[in-house]
1. Does Ala104 qualify as being part of a loop (DSSP other than H, G, I, E, B) and either under 26 Å from Leu52 (Cβ atoms) or modelled with pLDDT of 95 or more (or both)?
2. Taking the criterion of being farther than 21 Å from Pro62 by Cα, buried (at least 17 other Cβ atoms within 10 Å of the Cβ) and under 14 Å from the mean Cα position of the chain (by Cα), would at least one residue in the range 103-114 satisfy it?
3. Which ones in the range 182-201 are part of a helix (DSSP H, G or I), of a type outside the set (Lys, Arg) and surrounded by fewer than 15 Cβ atoms within 10 Å (Cβ to Cβ)?
4. Specify which of the listed residues (Ile89, Ile80, Ile15) is farther than 24 Å from Pro166 by Cβ and under 14 Å from the mean Cα position of the chain (by Cα).
5. For Ser121, are the conditions met, namely being closer than 18 Å to Gln137 by Cβ and either assigned to a loop (DSSP other than H, G, I, E, B) or without any contact (Cβ under 8 Å) to a residue 60 or more places away in the chain (or both)?
6. Exactly one condition in (1) over 14 Å from the mean Cα position of the chain (by Cα); (2) outside any helix (DSSP H, G or I); (3) surrounded by 14 or more Cβ atoms within 10 Å (Cβ to Cβ) is false for Ala60; which is it?
7. Considering only the range 25-43, how many residues are within 15 Å of the chain's Cα centre (by Cα) and either surrounded by fewer than 16 Cβ atoms within 10 Å (Cβ to Cβ) or touching a residue at least 60 places away in the same chain (Cβ under 8 Å) (or both)?
8. Mind checking which residues of the range 6-20 are over 15 Å from Glu92 (Cα atoms) and part of a loop (DSSP other than H, G, I, E, B)?
Amino acid sequence: MPIETSPAPLRLAVIVGSTRENRFAPTVADWFTARAEQHDGFDLDVLDLAELALPASLLANPVVDGEWVSPALGELTERIDAADVFVVITPEYNHGYPASLKHAIDSVGQQWRAKALGFVSYGGVSGGLRSVEQLRQVFAELHVVTVRDSVSIAGAWRQFDADGAPVNPEQLNAAAKVMLDQLVWWGRTLREGRAARPYRG
């Protein structure tokens, strides 16, 4: 009888979407990445858009003579390509998501395809859900499977203490586990599918 082996860890790219000065994103990202590190089955890659110097506009020809015109764009593309699954951490700005996030999404092409993605959103009363619903449409166009459950943090500035720890950790941690469990199932299923049959779109 063959010996069963544990599946290789999924490469999880956590994309921090806000680039504003004095942003709240690092508090949310630090909490979530700690939860993801404690979850079985992931290798983590944190992609903070504030730390990338992406070109100000989309490039018609990002690669010239085999070289990336923008090293930052090359790095972003290669890290998206290497990932099996994604989590986007996004605020809600004026009922939508940040322009910096849309720019990063549109800067990358087929490297998104046939992979799974979850959301951690934060904001006021809505907890960022309006930005998530818009992003689901964007990622559907890119052939990305977005998992049903997300982490939504309403009144986010009141949900963490001065040290960045959640005030009600049980609720947030439980929501994160549900989403991460779904990402494991979809991530493994889609990785096996891509290996068996290249996705043509």
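1. no
2. The answer is no; no qualifying residue exists.
3. Of everything in the range 182-201, those that are part of a helix (DSSP H, G or I), of a type outside the set (Lys, Arg) and surrounded by fewer than 15 Cβ atoms within 10 Å (Cβ to Cβ) turn out to be Trp185, Thr189, Glu192, Gly193, Ala195, Ala196.
4. Ile80
5. Yes: the conditions hold for Ser121.
6. (3)
7. 13
8. Listed by number, the residues that qualify are Ser6, Pro7, Ala8, Pro9.
The values are calculated or read from the model by the stated rules, or taken from the named source; none is laboratory data. Given the structure is predicted, the values throughout are model-derived calculations rather than measurements. Here Cβ is always computed from backbone atoms with ideal geometry, including for glycine, and neighbour counts include all displayed protein chains.
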